[in-house]
Amino acid sequence: VKADRVAWHQVDNEIVALALDRSEYLATNESAAELWRMLAEGSTEGELAAALVTRWGIDAQQAQRDVSAFVKALSEHGVIEVAES
Amino acid sequence: MPDREPVRERRGYVVHGLRIRSEVPLDAPDGAEGLCDIEVTWGERRPIPDETAPGVLLSYLELPVGSSSLVRDDQGFTLRVHNLCEFEIDSALRAVRVHLAPDADHELGQLLIGGTLALVLVLRGNCVLHASAVESEGHVLAFVGGSGMGKSTVAALCCAAGARLVTDDVLRVESDHAGGWCFGGSTEVRLRQNSAELVNDFHDSARRSTVDARVAVRPARGEVGRHRISAIVAPLCVHGADELKVMRLHGANALLELARAPRTIGWIDEEPLRRDFGVLASLAEQVPIFRAQLPWGPPFQPDLADALLDAIRSE
């Protein structure tokens, strides 16, 4: 998460992020909020997918697809920087 | 040249938690003379350029009366409403000097000083919402929303039903571990012509026409100081609806509703955005936030304000 470009807060287990340069707000539901917190700590996509499997009981392939879509959306909004592994 | 020059009589006010001494008449409760936080004076008339002043551009937006820009330089800040007037603010944020264009009506300065003080509050590190607030039976309710969303009309409806005015249009808010807080502000509620039927609910001496073609009413008012906020309501005014609906917002929805209603907009400087976001996130956790769908008028349902206040209190 680009801490210098994005401010974020958790409210009732959901996350609202503010892209400062565009005054654009992004909001997540509870499960995506967990992914956001892990991203902010520098977790990998694999770690995010594993957390979805453990926490929400979905299958590994679905979890990987959900994480990829989430990361792609955030990247397109310019609020995260994806590092090559 | 304008046919009337402003009267340079300095008066004391207490508004938004600040003591202000001002030559420009403020829509605010009178305050004690003596030490003040901000001094407002009339400056000389001079041409106001249609461009930003030299310096670092902090905010820019288009207003109905023209472009507006805020610039910081070594001396302080310049808030310029292009071609019309500008407000010189010292770097300590304790003095505001109002300059009008040679042909500008001085009432324009009076009209814009409220928004300018909101801007000064933000520059001083305060969070300011576009909101009105009333006090009813010991509970302070704030109505948030952008221009034309109905917050002033709802506040006037509540005051006509016996509530006391806390502020209209500008609401300074804070949040701490004990709750959400706001400060008393203006003494009048400014209504658009389409809500003007409400003025009949106020005494003749408590209403007047404004320079921007609105009607201002002066309800009974609450204390000028700091108030605990009981609830924040975002009105959703629906013509043709016949039923009041109140919905409690939680989580991201609650915070986003507040984030839609900053009193000062157009920021290029990111620091006020970041700071306000933190205050609003705390408020969203400390204070119940509601969206209220209101059957809208005119004509307004006679029991609408009571029904709204009862619905919020019962939550």
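Quick one: length gained pulling B:H250 to B:D90 fully straight, 0.36 nm per residue minus the C-alpha distance? If you can, show how the numbers build up before the last one.
Numbers: separation 160, 0.36 × 160 = 57.60 nm, distance 4.07 nm.
Taking B:H250 through B:D90 to full extension adds about 53.5 nm, to one decimal.
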Practice problem: Could you run the Karplus curve 6.51 cos²θ - 1.76 cosθ + 1.60 with θ = phi - 60° over the stretch B:92-101 and give me ³J(HN,Hα) per residue in whole Hz, x for Gly and Pro? | Solution: 7, 6, 10, 9, 10, 10, 9, 10, 9, 5
Quiz prompt | C-alpha center-to-center spacing [the stretch B:25-90, the stretch A:1-46] in angstrom | solution = 36
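How big is the antiparallel share of DSSP beta bridges in the stretch B:1-52, given as a percent to the nearest 5? Mind showing how you got there, number by number?
Details: 6 of 9 bridges.
About 65 percent, rounded to the nearest 5.
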Quiz item: How large is the charge dipole for the stretch A:40-85, taken about the Cα centre, if only the Cβ atoms of Lys, Arg (+1) and Asp, Glu (-1) carry charge, to the nearest 20 debye?
Solution: 180
Quiz item: For the stretch B:169-315, what is one quarter of the convex hull surface built on the Cα atoms, given in nm²?
Solution: 10.5
Quiz item: How large is ³J(HN,Hα), in whole Hz, for each residue of the stretch A:16-24 in order, when computed from phi with the Karplus curve 6.51 cos²θ - 1.76 cosθ + 1.60 and θ = phi - 60°, using x for Gly and Pro?
Solution: 10, 10, 10, 7, 5, 6, 10, 6, 10
Quiz item: Over what distance in Å are the Cα centres of the stretch B:212-291 and the stretch B:101-136 separated?
Solution: 17
Quiz item: So what's the angle, to the nearest 10 degrees on a 0 to 90 scale, between helix B:106-123 and the longest Cα principal axis of chain B?
Solution: 80
Quiz item: Which of A:G78, B:T41, B:A178 sits farthest toward the positive end of the charge dipole of the protein assembly as shown, with +1 on the Cβ of Lys and Arg and -1 on the Cβ of Asp and Glu?
Solution: B:T41
Quiz item: In the protein assembly as shown, what is the volume of the convex hull around the alpha carbon atoms, normalised per residue and reported in Å³?
Solution: 168
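Go through the stretch B:219-287 and name the trypsin sites (Lys or Arg not before Pro) that are in a DSSP coil and have 16 or fewer other Cβ atoms within 10 Å of their Cβ.
On the way: sites: B:R221, B:R226, B:R228, B:K245, B:R248, B:R260, B:R263, B:R274, B:R275; in loops: B:R260, B:R263.
Answer in residue order: B:R260.
May I ask you to work out the translational diffusion coefficient for chain B at 20 °C, viscosity 1.002 mPa s, via Stokes-Einstein with Rh from the Kirkwood sum over Cα pairs, reported in whole µm²/s? Display every interim value, and only then the final one.
Values: Rh = 20.0 Å.
Answer from the Stokes-Einstein relation: 107 µm²/s.
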Practice problem: Note down the relative contact order for chain A as a percent, whole number, built from C-alpha pairs under 8 angstrom at least six residues apart. | Solution: 24
Practice problem: Only helical DSSP H runs with n ≥ 4 go in: add -39500 (n - 2.57) per run for the protein assembly as shown, normalise by residue count and round the 222 nm mean residue ellipticity to 500 deg cm²/dmol. | Solution: -8000 deg cm²/dmol
Quiz item: How much length is gained on full extension from B:D50 to B:D212, taking 0.36 nm per residue of separation minus their Cα-Cα distance?
Solution: 56.2 nm
Quiz item: Treating the beta-carbon of each Lys and Arg as +1 and of each Asp and Glu as -1, no other charges, what is the dipole magnitude of the stretch B:1-87 about its Cα centre, to the nearest 20 debye?
Solution: 120
Practice problem: For B:K151, list the lysines whose Cα falls under 18 Å from its own Cα; do not include residues on the same chain fewer than 8 positions away. | Solution: B:K245
Self-check item: Cα-based helix-to-principal-axis angle, B:271-286 vs chain B, degrees rounded to 10
Solution: 20
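Starting from the Kirkwood Rh over alpha-carbon pairs, what translational D in µm² s⁻¹ does the stretch A:13-67 have by Stokes-Einstein at 4 °C and 1.567 mPa s? Present the calculation step by step, with values, prior to reporting the outcome.
Details: Rh = 11.8 Å.
Taking Rh from Cα pairs, D becomes 109 µm²/s.
Any chance you could run the full-extension gain for B:H139 through B:N194? It's 0.36 nm times the residue separation minus the Cα-Cα distance, nm to one decimal. Display every interim value, and only then the final one.
Details: separation 55, 0.36 × 55 = 19.80 nm, distance 2.84 nm.
Gain in length upon complete extension: 17.0 nm.
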Practice problem: With a point put 7 Å past each Cα toward its Cβ, work out how far B:I265 is from B:E5 in nm, to one decimal. | Solution: 3.8
Quiz item: Just how large is the dipole of the protein assembly as shown about the Cα centre, in debye to the nearest 20, putting +1 at every Lys and Arg Cβ and -1 at every Asp and Glu Cβ?
Solution: 620
Self-check item: Cβ-based net charge around B:A234, under 12 Å, with every Lys or Arg adding one and every Asp or Glu removing one
Solution: +3
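Just so you know, all these numbers are worked out from the coordinates, no wet-lab data involved. Note that this is a predicted model, so its numbers are computed, not measured. Positions of Cβ are backbone-derived with ideal geometry, glycine not excepted, and every protein chain shown enters the neighbour counts.
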